[in-house]
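Notes for the one structure printed next.
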Amino acid sequence: MDVENKEVQEMYECFCNDCNKELIVNKNIDIKSCIYCKSKNIEKRELTKKIPKAHQIPFKISKKDALIIYEKQCRKAIFKSSIFLSKTTTQELIGVYVPFYLYSCECNGIVEFECIKSTKWKTGSYKYEKVDKYLVTRGGNMSLENIPIDTTKNFKDIIDLISPYDYSKIEEANTTLITSSAIVPNKMTNDEILKESVGKAKVCFMEEMKKSDLNYKEITPIKNSINIYNSKMSCILLPIYVLNIKYKNKLYPFYINGQTGKVFGNIPFSISKLIIIWIVLLIIIFILSSLIYFGVMS
Ligand SMILES: [Zn+2]
């Protein structure tokens with residue numbers, strides 16, 4: 001899939017002048033405010049970014065069902081502002097594909113750790129601590145699979161909140177399906193993606209070596225020699241529904257897993273609604289007390 005594709009040409013870039021973030025959107029979808037910060041200071045530009053060659057997990061939850069899930073979540077909050085269920089708010093819910101790169105490789109190597117053991121004791125009013133330092137070397141080889149790399153630099157935490165995804169349902173990317181939704185663009189070049197992937201693989205390798213029988217108080221890696229080979233990288237588009245709501249100058253984002261329907265979002269209390277309910281309760285209590293009092297008196 002590339003920019004020359006006719007369906008891809010039907011897309012435009014929506015750039016926010018306030019948060020400097022972008023979204024690639026199909027021309028059928030009219031974006032009125034930035035999905036990240038709700039600013040109306042957005043610009044619609046010609047598509048310049050390449051849509052990554054990818055696999056995808058298709059949306060299994062329809063937009064209609066996503067709205068039902070959102071409304072159900074809203075109804076759990078009793079003292080909420082009506083803005084959260086208004087049509088103007090809910091119609092801004094949008095299906096977005098988020099690209100994640102999955103990196104797999106084989107590793108072998110050795111890691112040197114500085115390890116510390118300490119022993120404490122007390123004699124009379126004196127406290128003693130003996131610190132022993134060790135130089136420990138561990139080595140081995142291992143396969144690492146599907147290390148996720150967030151090339152959007154913005155969605156890692158969000159995806160964590162609504163995970164898991166069922167990766168067995170990965171399909172070849174269907175351009176028509178992709179272009180009927182929005183896509184978050186990559187923010188990294190291929191070199192940057194590769195550098196980050198290799199870095200993460202080395203960290204994973206060192207963490208595994210650290211777990212191998214190192215029973216010390218402190219363990220610090222000081223030197224490593226790690227070889228990476230047979231590396232593979234694939235891009236996968238993860239489906240997510242996004243609805244960002246601005247209420248009293250604060251953002252309340254909602255995210256729904258487009259495959260499973262798992263939802264994340266918080267709805268704040270409406271102070272004015274709480275006050276009204278308290279006033280109504282006080283009036284009822286006053287009326288009931290008066291009735292009881294006058295009933296007893298007569
Ligand atoms: Zn923005």
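Just so you know, all these numbers are worked out from the coordinates, no wet-lab data involved. Remember, predicted model here, so these are calculated numbers, not experimental data. Here Cβ is always computed from backbone atoms with ideal geometry, including for glycine, and neighbour counts include all displayed protein chains.
Overview of results
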{"item": "Contacts under 7 angstrom Cβ, first residue in segment 13-27 being touching a residue at least 12 places away in the same chain (Cβ under 8 Å) and assigned to a loop (DSSP other than H, G, I, E, B), partner of a type in the set (Gly, Ala, Ser) and near the ligand (Cβ under 9 Å from one of its atoms), 6 or more apart", "result": "18/39; 19/39"}
{"item": "Residue identified as surrounded by fewer than 19 Cβ atoms within 10 Å (Cβ to Cβ), under 13 Å from the mean Cα position of the chain (by Cα) and over 30 Å from residue 137 (Cα atoms) among 250, 246, 262", "result": "262"}
{"item": "Answer from 170, 228, 219, 236 - the residue that is surrounded by 16 or more Cβ atoms within 10 Å (Cβ to Cβ) and under 30 Å from residue 19 (Cβ atoms)", "result": "236"}
{"item": "Residues of segment 23-39 satisfying the condition of being within 9 Å of the ligand (Cβ to nearest atom) and either touching a Ser or Thr at 6+ places or on another chain (Cβ under 8 Å) or farther than 19 Å from residue 248 by Cβ (or both)", "result": "33, 35, 39"}
{"item": "Residues within segment 61-89 that are part of a loop (DSSP other than H, G, I, E, B), free of Cβ contacts under 8 Å to residues at least 40 places away in the same chain and hydroxyl-bearing (Ser, Thr, Tyr), tallied", "result": "2"}
{"item": "Selected residue (criterion: nearest to the ligand (Cβ to nearest atom)) from residues of segment 40-52 that are more than 16 Å from residue 97 (Cα to Cα) and assigned to a loop (DSSP other than H, G, I, E, B)", "result": "41"}
{"item": "Qualifying residue in segment 53-60 (condition: in contact (Cβ under 8 Å) with a residue 40 or more places away in the chain, in a strand (DSSP E or B), in contact with a helix residue (DSSP H, G or I) (Cβ under 7 Å, 6 or more places away or on another chain) and of a type in the set (A, V, I, L, M))", "result": "no"}
{"item": "Residue under evaluation residue 134, criteria (1) surrounded by fewer than 15 Cβ atoms within 10 Å (Cβ to Cβ); (2) in a loop (DSSP other than H, G, I, E, B), criterion not met", "result": "(2)"}
{"item": "Subset of segment 189-248 (residues that are part of a strand (DSSP E or B) and within 14 Å of residue 151 (Cα to Cα))", "result": "233, 234, 235, 236, 237, 238"}
